[in-house]
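Below: one structure, written as C-alpha cells.
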Amino acid sequence: MKYREYVKEGKERLYKANQGEQAALLLMNELCENRGINLYISMEEEADEVIATDYLEGIHQMELGKPLSYVLGYECFYGYNFKVNEDVLIPRPETEELVGLVLSMFDDKFSDREHVSVFDVATGSGAIGITLNLEERKMDVIASDISMEALKVAKENNDALHANVSFICGSMLDPFVNRDLHCDILVCNPPYIPSEEKMEHSVVDYEPHVALFGGEDGLKFYRDVFEKAHLVLNEKAFLAFEMGYQQGEALTDLAKEYFKDATITVHKDMAEKDRMLTIEL
C-alpha cells in the first residue's frame, strides 16, 4: 500500500471510533520524519514496512482512545521535544504561554542578576522548569513532584535536552520547606480540575489523575502553596500559576487572603480566556 492509502485508512478508522481523524495524518508524518522521509512528496510511494507496522499499531491504540502524544512517546513544547508517557501529563499550548509570561517578567525584574532561583512545583514531565532553564541560563531551577515515576521522566528530559535542572520529590512546597530552600520565582501548574468535572475519555483514561484533579473546587493545591509560600520566597519574589479559565475570580480572592500587600494579576491566554495568575511581592 502507498502512504496515501494508509493515511486514508487511518482517518476512516479514527472517524468511526469518534477520535480526531486528523491524528492519522499527524502520526504518519511524525513516523516518516523520524526516518528522514518527507511524507508530502512521498504520498504515492509504497510505504516503508517498518513505518506501516508502527502506523497501524498507533492507529489501533488511538482507536481505543490513547492520545497521539503517548503513542509517539513525546510532545513538542516551546520548540523542544519532551518525552511523555502515562506517568506525566501531556504539556499543553496554554502552559507554553505560562512559560512565556515568566520569561517576560524575569526580563522586567531580574535581567541585571547573574543568578535567579526558580522553583518549578509539580513539574510532571519537567516541561516548564527545563524550558525556563534552556531559555534563560541565569535561572537556577529546582523542580519538584510527588511522583517518583514523573521525576524519572523529567530527569530523562533534562538529560536529553542538556538542561541543568535539579529535582526533588515531595508534595507541592514540602520538599523545599524541609530543605530550607528559597526562591525568587515560583512557577506552578498544579492539578486544578474540580474532582466532579466530566472530561474526555482520552484524558481521564490515560493521563495521571494525581496531576489533573484539585479537589472539590479545583483550588486545593493553590491553598497548599499559598499557605507555605512565605517560608520559601525571597524578598521581591513573584509567583506564576496556570489555572482553569473559570477560576480567575475565585483564585484572586484566595490569593488576597494570603498576600495582602502583593500585586495580583489575572492574565488571559491567546484565546482571551483567563489562564494565568501572577503574584508580585
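Scanning region 126-172 for residues that are more than 20 Å from Lys228 (Cβ to Cβ) and among the hydroxyl-bearing types (Ser, Thr, Tyr) returns a single hit, Thr131. Close contacts from region 234-248, counting a first residue that is among the polar types (S, T, N, Q) and a second that is open to solvent by 20 Å² or more (accessible area, probe 1.4 Å), with Cβ to Cβ under 7 Å and a gap of 6+ residues or different chains, come to Asn234/His182; Gln247/Tyr192.
Please go through region 66-85 and pick out each residue that is of a type in the set (Gly, Ala, Ser) and either on the phi > 0 side of the Ramachandran plot or open to solvent by 80 Å² or more (accessible area, probe 1.4 Å) (or both). Before the answer, list the steps.
Kept after step one, since they are of a type in the set (Gly, Ala, Ser), are these residues of region 66-85: 69, 73, 79.
Of everything in region 66-85, those that are of a type in the set (Gly, Ala, Ser) and either on the phi > 0 side of the Ramachandran plot or open to solvent by 80 Å² or more (accessible area, probe 1.4 Å) (or both) turn out to be Gly73, Gly79.
In region 68-89 there is no residue that is out of contact with any helix residue (DSSP H, G or I) (no Cβ under 7 Å at 6 or more places or on another chain) and charged (D, E, K, R). Being surrounded by 11 or more Cβ atoms within 10 Å (Cβ to Cβ), charged (D, E, K, R) and either touching a residue at least 40 places away in the same chain (Cβ under 8 Å) or under 14 Å from Glu9 (Cβ atoms) (or both) is a description that does not apply to Glu44.
When you check Ile193 against the structure, is it surrounded by fewer than 20 Cβ atoms within 10 Å (Cβ to Cβ) and either on the phi > 0 side of the Ramachandran plot or free of Cβ contacts under 8 Å to residues at least 60 places away in the same chain (or both), yes or no?
Considered against the rule, which asks whether it is surrounded by fewer than 20 Cβ atoms within 10 Å (Cβ to Cβ) and either on the phi > 0 side of the Ramachandran plot or free of Cβ contacts under 8 Å to residues at least 60 places away in the same chain (or both), Ile193 comes out as yes.
Pick from region 47-65 the residues that are free of Cβ contacts under 8 Å to residues at least 12 places away in the same chain and more than 24 Å from Glu200 (Cα to Cα): which of them is surrounded by the most Cβ atoms within 10 Å (Cβ to Cβ)? Only one residue tops the list, namely Thr53.
For region 75-108, what are the residues that are β-branched (Val, Ile, Thr) and within 9 Å of the chain's Cα centre (by Cα)? If the condition is that a residue be β-branched (Val, Ile, Thr) and within 9 Å of the chain's Cα centre (by Cα), then Val88, Ile90, Thr95 are the ones that fit. Residues in region 136-150 that are β-branched (Val, Ile, Thr), open to solvent by 20 Å² or more (accessible area, probe 1.4 Å) and closer than 20 Å to Tyr78 by Cα: Ile142 only.
Of all the numbered requirements in (1) over 30 Å from Glu135 (Cα atoms); (2) surrounded by fewer than 18 Cβ atoms within 10 Å (Cβ to Cβ); (3) more than 22 Å from the chain's Cα centre (by Cα), Glu33 misses one, and that requirement is (1). For the criterion of being open to solvent by less than 20 Å² (accessible area, probe 1.4 Å) and either more than 30 Å from Glu272 (Cβ to Cβ) or modelled with pLDDT of 95 or more (or both), Gly129 passes.
For region 29-56, residues that are in a loop (DSSP other than H, G, I, E, B) and of a type in the set (Val, Ile, Thr) total 1. Within region 236-246, being under 19 Å from Ile193 (Cβ atoms) and open to solvent by 20 Å² or more (accessible area, probe 1.4 Å) holds for Tyr245, Gln246.
The values are calculated or read from the model by the stated rules, or taken from the named source; none is laboratory data. As the structure is a computational prediction, the values presented were derived from the model and not from experiment. Virtual Cβ from ideal backbone geometry, glycine too; neighbours counted across all protein chains shown. What goes into the accessible areas is simple: the full protein's heavy atoms, side chains included, and nothing from ligands, DNA or RNA. Shrake-Rupley method; radii C 1.70, N 1.55, O 1.52, S 1.80 Å.
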